[in-house]
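The values are calculated or read from the model by the stated rules, or taken from the named source; none is laboratory data. Just so it is clear, the model here is predicted, and its values are computed rather than measured. Don't worry about glycine lacking a Cβ; one is built from the backbone with ideal geometry, like all the others, and counts go over all protein chains shown.
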Amino acid sequence: MPKPLIGLTTTRLLKKTSPPAFGTNELYAKAISISGGLPVLIPLSLSNDDLDTLLMRLDGILFTGGYDIDPRQYGNQPHPKVDGIDKDRDRIEVYLVREVIQSPKPFLGICRGLQVINVAMGGSLYEHLPDQLPGSITHDNHHRARDFLAHGVSVKPNNRLSQIISSNQVQVNSLHHQGVRKIAAELFPTAHAPDGLIEAFEMPGHPFGIAVQWHPEELQEYEVMRKLFLTFIHACEGVNSKKKWISYDSNISVSSRD
């Protein structure tokens, strides 16, 4: 069976000394590839018609991390700590979220990806956690190695994420200064940080719709983080093989290097 095609959303890279470019961190593509998928970068500046054509050929979408979403996307005003707004990326990702939730195609959100899924479905964000979430822990650890385990996360029982992680606690890295303020009505929170911030959610009733606030692609030495990608790709294989839908298997085994 051919490998499932996984679309990866991209970031515009602007350098004064170079032509405009777009791309994504290599570890997203690597995690998809070693899990059995074929990563395909989704270009910026595509029309909605072109996005529709591309989406028909993809078997799943990974909404990657990156800079901040324009607060006006969720009815708020600009904030001095909001950085790197790209209206075209916002447009493309919001459009893709609204299309993929109407389809059986699996989707996985990571960091900004979690945030844009929530916004596209009607939720809102904290623009800057230290200013707006009283008692918040340190979520922005960009001064540390990207695989630094910054804090624990409590995982609720009886949901897809808990089946994948097989534990009510997991240690994660943390590389963000924003987070979910109001969760969209169609989403269910499945994990929380010690300060109560939502760290993961899923879309009940969808074949596979999960998002996490941490960066599992940076933590592939840990079995549970590999299993998250493996389970996602297995769900995408179901789309690829039907093209008839089959449900994902949460009992995938992987070799442990913990």
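Just a few scattered comments:
- Complete set of residues in the range 1-40 that are of a type outside the set (A, V, I, L, M, F, W, C), in a loop (DSSP other than H, G, I, E, B), out of contact with any helix residue (DSSP H, G or I) (no Cβ under 6 Å at 6 or more places or on another chain) and farther than 15 Å from Leu96 by Cβ: Pro2, Lys3, Lys15, Lys16, Thr17, Ser18, Pro19, Pro20, Asn25
- The set of residues in the range 29-76 that are within 30 Å of Arg181 (Cβ to Cβ) and touching a His at 6+ places or on another chain (Cβ under 9 Å) comprises Gly65, Asp68, Pro71.
- In the range 124-167, residue surrounded by the most Cβ atoms within 10 Å (Cβ to Cβ) [restricted to those that are of a type in the set (D, E, K, R) and without any contact (Cβ under 8 Å) to a residue 60 or more places away in the chain]: Glu127
- Members of the range 147-206 found to be of a type in the set (Gly, Ala, Ser), in contact with a strand residue (DSSP E or B) (Cβ under 9 Å, 6 or more places away or on another chain) and over 24 Å from Lys105 (Cα atoms), listed by number: Ala150, Gly152, Ser154, Ser167, Ser174, Gly179, Ala193
- Flag for Lys87 being crowded, with 24+ Cβ neighbours inside 10 Å, more than 17 Å from Arg181 (Cβ to Cβ), at pLDDT 95 or above and of a type outside the set (Asp, Glu): no
- Only one of the numbered conditions (1) in contact with a Leu (Cβ under 7 Å, 6 or more places away or on another chain); (2) surrounded by fewer than 18 Cβ atoms within 10 Å (Cβ to Cβ) is not met by Thr53, and that is (1).
- All positions within the range 88-114 that are over 18 Å from Leu41 (Cα atoms) and free of Cβ contacts under 8 Å to residues at least 24 places away in the same chain: Arg98, Gln102
- The condition (being touching a strand residue (DSSP E or B) at 6+ places or on another chain (Cβ under 7 Å), over 21 Å from Thr231 (Cβ atoms) and aromatic (Phe, Trp, Tyr)) is satisfied by just one residue among Phe107, Phe63, Phe22: Phe22.
- Tally of residues being aliphatic (A, V, I, L, M) and within 20 Å of Gly36 (Cα to Cα) across the range 193-227: 5
- Looking only at the range 18-52, and only at residues there that are over 23 Å from His234 (Cα atoms) and of a type in the set (Ser, Thr, Tyr), the one that is farthest from the chain's Cα centre (by Cα): Ser18
- Restricting attention to the range 194-233, the residues that are closer than 22 Å to Gln102 by Cα, part of a strand (DSSP E or B) and not aromatic (Phe, Trp, Tyr) add up to 6.
- Applying the condition of being aliphatic (A, V, I, L, M) and out of contact with any strand residue (DSSP E or B) (no Cβ under 6 Å at 6 or more places or on another chain) to the range 34-60 and asking which residue is nearest to Ile110 (Cα to Cα) yields Ile34.
- Filter result (more than 21 Å from Arg98 (Cβ to Cβ), over 14 Å from the mean Cα position of the chain (by Cα) and not in a loop (DSSP other than H, G, I, E, B)) within the range 163-189: Gln163, Ile164, Ile165, Gln169, Val170, Gln171, Val172
- Residue within the range 198-215 that is surrounded by 18 or more Cβ atoms within 10 Å (Cβ to Cβ), among the hydrophobic types (A, V, I, L, M, F, W, C) and farther than 28 Å from Asp59 by Cα present: no
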